[in-house]
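Report on the following structure.
The values are calculated or read from the model by the stated rules, or taken from the named source; none is laboratory data. These numbers were taken from a predicted model, which means no experiment stands behind them. Neighbour counts are summed over all protein chains in view; Cβ atoms, including those assigned to glycine, are modelled from backbone coordinates with ideal geometry. For accessibility, only protein heavy atoms count, side chains too; no ligands or nucleic acids. Shrake-Rupley method; radii C 1.70, N 1.55, O 1.52, S 1.80 Å.
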Amino acid sequence: MKLITYAKKVGPVKADVFFYPVLQNDQEILKLIKSFAYADQDIILTRLKRENFHGKKGQFFLIHSEDVAMVILGTGQKNKMEVEDWREAAGKLVYYLEKYSANNIGIVLNSWLKGNNDIYRLGVSMAEGISLASYRFDKYIKDDEDDIKIDIDKFIVYLTASQKVKFKKGWDQGLLMAMGTMKARDLVNEPAGIMTPGFLAKEALQIAKNNRQVTVKILEKADVKKLKMGAFMGVDQGSEEPLKFIHLVYKPNGKAKDRVAIVGKGITFDSGGLNIKVGDGMEQMKVDMSGAASVLGVFSAINGLAPKVEVHGIIAACENMPSGKSYKPGDVLTNMQGKTIEIGNTDAEGRVTLADSLAYAQSQGIKKIIDLATLTGACMVALGPEYAGLFSNDDNFAKTLLKHSNVVGEKLWHMPLAKEYVSFNKSKVADVRNIADTRYGGAITAGLFLQKFIEDDVIWSHWDIAGPAFAEKPFNSYTPVGGVGFGVRTLFTWLLDY
Ligand code: BES
Ligand code: ZN
Ligand code: ZN
């Protein structure tokens, strides 16, 4: 998709669809329609009235001529416009392109530019919305006649010279963030029969090949054994697929401003293990590597975005399967820090593998860690399908992350690491138990379990993404059914803020 900018409203390039976002202002709308100077203007104005179009948020008004469609999109009142509205509108635009099988868009932003001075963010959001809304995972559909595929080749925007610089910078970054997100979506959507730990490792190797400043180390079972990752190995032991421990490193040009780790839960299939899940609950469990997918998504676009921080991506990838070799309820596992874990339920496996991933991140001397994990159904009960739970041992860190998530429209909600509940994870035979003694507050007790493995001087945030990792129904115009790639854009926005 090529970005073409023009300083004047009418440029030499013609678009198939012109898109006019307008504020909720009848005078302005009238002026706009008159500016088209159509011969049948009166009919259009009558229709405008009849359709009750006032530019309210989400309202559309269509005008066709022989060779061009005009889509006038209401964006509501100036002071109520949010960044999310731009992304949502850009996503809807794709819907109209599909409708008209068009691949050139012209967009006239005058009205929006009046209500905002953050042209950079407008560029980011337009790129995010358009790219993400065009995403499809259809490689296994060979004969879908209804599916219209569009390939947008020109995106034409009318901007002044100084606006253009800011918009273009945002646009380029938005495209890269969307690319990383779509990489993560692809990985989540891939069935577990293909998406094995070995497949994830190959993806990581490919990413390192494509990104000059990224290196990767893949640890095999023997390496993991040497590091004494007894927790990770315990979860893996029932599976026929060889485990992989993936460690990616991005080093910026020049001196790094910080060293951080992003850790992803990488269970490529969660059957529950010996505490096997029932049919309904198991069907979707290819999603259980979504945290890992988002980590890889970030690394896939990290060179282009070039944050000024050293970033470590850490994934303990394995399956959770029942077999004669599986770990069992009642087992006691020892992680690489020497902490012991009593297994109360083999289906609470994510936190067990994370005990070793988090330990490994800290063994690298890293003092700032975010983990992303499809950890608990309880978090979905608490927050529903679209919100992830954010936990942190540092309130300022939580605030920073929430601020960035808010900008990109990824919904994270601050949850407590309630001290009062620490004792719920107590074990009679080990340092900690992998399930609590009550099902209430399950997302919190899972977070508290993880905190057991975080040293006092480490700033850490845990994101329980069980809900928003996968969209059963579309979340919005740019998040279709399937893997969401949740977290990639928040992570990037945070990393770019250094
Ligand atoms: N992978 C699941 C959590 C999950 C559920 C992710 C739904 C995405 C959608 C996790 O490993 C799990 O099974 N958790 C158990 C924990 C319980 C045994 C304490 C759960 O949530 O039921
Ligand atoms: Zn599980
Ligand atoms: Zn799981």
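Pick out the one residue from Val287, Val224 that is within 16 Å of ligand 3 (Cβ to nearest atom) and assigned to a helix (DSSP H, G or I). Break it down into steps so the answer makes sense when it comes.
Details: Val224 fails: within 16 Å of ligand 3 (Cβ to nearest atom).
After applying the criteria, what remains is Val287.
Give the residue, chosen from Gly234, Gly230, Gly281, that is within 16 Å of ligand 1 (Cβ to nearest atom) and buried (at least 19 other Cβ atoms within 10 Å of the Cβ).
Numbers: Gly230 fails: within 16 Å of ligand 1 (Cβ to nearest atom); Gly281 fails: buried (at least 19 other Cβ atoms within 10 Å of the Cβ).
After applying the criteria, what remains is Gly234.
Among the residues in region 289-301, are any surrounded by 21 or more Cβ atoms within 10 Å (Cβ to Cβ), in contact with an Asp or Glu (Cβ under 9 Å, 6 or more places away or on another chain) and among the β-branched types (Val, Ile, Thr)?
no
Please state which one of Lys339, Lys328 is more than 15 Å from ligand 1 (Cβ to nearest atom) and surrounded by fewer than 21 Cβ atoms within 10 Å (Cβ to Cβ). Write out each step before concluding.
On the way: Lys328 fails: more than 15 Å from ligand 1 (Cβ to nearest atom).
It is Lys339.
Anything in region 438-474 that is under 21 Å from Asn335 (Cβ atoms), free of Cβ contacts under 8 Å to residues at least 40 places away in the same chain and assigned to a loop (DSSP other than H, G, I, E, B)? List them, or say none.
Within region 438-474, just Asp456 meets the criteria.
Cβ-Cβ distance below 8 Å, separation of 6 or more or different chains: which pairs start in region 346-372 with a residue that is over 15 Å from Gly234 (Cα atoms) and end on one that is open to solvent by 10 Å² or more (accessible area, probe 1.4 Å) and of a type in the set (Asp, Glu)?
Gln362/Glu455; Lys367/Asp457; Lys368/Asp258
Does Lys168 satisfy the condition of being out of contact with any helix residue (DSSP H, G or I) (no Cβ under 8 Å at 6 or more places or on another chain) and in a helix (DSSP H, G or I)?
On the way: out of contact with any helix residue (DSSP H, G or I) (no Cβ under 8 Å at 6 or more places or on another chain): no; in a helix (DSSP H, G or I): yes.
Judged against the criteria, Lys168 is not a match.
When Val249 is evaluated against the numbered criteria (1) in a strand (DSSP E or B); (2) within 16 Å of ligand 1 (Cβ to nearest atom), which criterion, by number, is the only one it fails?
The failed condition is (2).
So is Ser357 assigned to a loop (DSSP other than H, G, I, E, B) and within 16 Å of ligand 1 (Cβ to nearest atom) or not? Walk me through it before giving the result.
Working: assigned to a loop (DSSP other than H, G, I, E, B): no; within 16 Å of ligand 1 (Cβ to nearest atom): yes.
Considered against the rule, which asks whether it is assigned to a loop (DSSP other than H, G, I, E, B) and within 16 Å of ligand 1 (Cβ to nearest atom), Ser357 comes out as no.
Take the residues in region 129-165 that are in contact with a Leu (Cβ under 8 Å, 6 or more places away or on another chain) and outside any strand (DSSP E or B), then tell me which one is modelled with the lowest pLDDT.
Ile150
Select, from Ile314, Ile267, Ile341, the only residue that is among the hydrophobic types (A, V, I, L, M, F, W, C), more than 16 Å from ligand 2 (Cβ to nearest atom) and either touching a strand residue (DSSP E or B) at 6+ places or on another chain (Cβ under 7 Å) or closer than 20 Å to Met229 by Cβ (or both). Please lay out each step first, then the result.
Values: Ile267 fails: more than 16 Å from ligand 2 (Cβ to nearest atom); Ile341 fails: more than 16 Å from ligand 2 (Cβ to nearest atom).
Of the residues listed, the single one that is among the hydrophobic types (A, V, I, L, M, F, W, C), more than 16 Å from ligand 2 (Cβ to nearest atom) and either touching a strand residue (DSSP E or B) at 6+ places or on another chain (Cβ under 7 Å) or closer than 20 Å to Met229 by Cβ (or both) is Ile314.
Tell me whether region 278-300 contains one or more residues that are hydroxyl-bearing (Ser, Thr, Tyr), away from ligand 2 (no atom under 12 Å from the Cβ), over 25 Å from Ala388 (Cα atoms) and within 20 Å of the chain's Cα centre (by Cα). Spell out the reasoning first.
Keep residues of region 278-300 that are hydroxyl-bearing (Ser, Thr, Tyr), which gives 290, 294, 300.
Among the residues that remain, those that are also away from ligand 2 (no atom under 12 Å from the Cβ) are: 290, 294, 300.
Retained after the next criterion (residues that are over 25 Å from Ala388 (Cα atoms)): none.
For region 278-300, residues hydroxyl-bearing (Ser, Thr, Tyr), away from ligand 2 (no atom under 12 Å from the Cβ), over 25 Å from Ala388 (Cα atoms) and within 20 Å of the chain's Cα centre (by Cα): absent.
Given (1) assigned to a loop (DSSP other than H, G, I, E, B); (2) closer than 23 Å to Asn189 by Cβ; (3) polar (S, T, N, Q), identify the lone condition not met by Ser326.
Here Ser326 meets the rest and fails (2).
If I ask for residues that are more than 16 Å from ligand 1 (Cβ to nearest atom) and over 27 Å from Ser125 (Cβ atoms), which ones from region 366-405 would you list?
Passing the criteria: Ile366, Lys367, Lys368, Ile369, Asn393, Asp394, Asp395.
For every residue, the table says whether it meets (1) under 16 Å from Gly272 (Cβ atoms); (2) within 16 Å of ligand 3 (Cβ to nearest atom); (3) at pLDDT 95 or above.
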position	(1), (2), (3)
Ile315	no, yes, yes
Tyr327	yes, yes, yes
Leu354	no, yes, yes
Lys368	no, no, yes
Gly377	yes, yes, yes
Thr400	no, no, yes
Lys403	no, no, yes
Lys411	no, no, yes
Pro416	no, no, yes
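Considering Lys168, Lys255, Lys251, Lys202, which residue is over 24 Å from the mean Cα position of the chain (by Cα) and surrounded by fewer than 22 Cβ atoms within 10 Å (Cβ to Cβ)?
Checking each option against the conditions leaves just Lys255.
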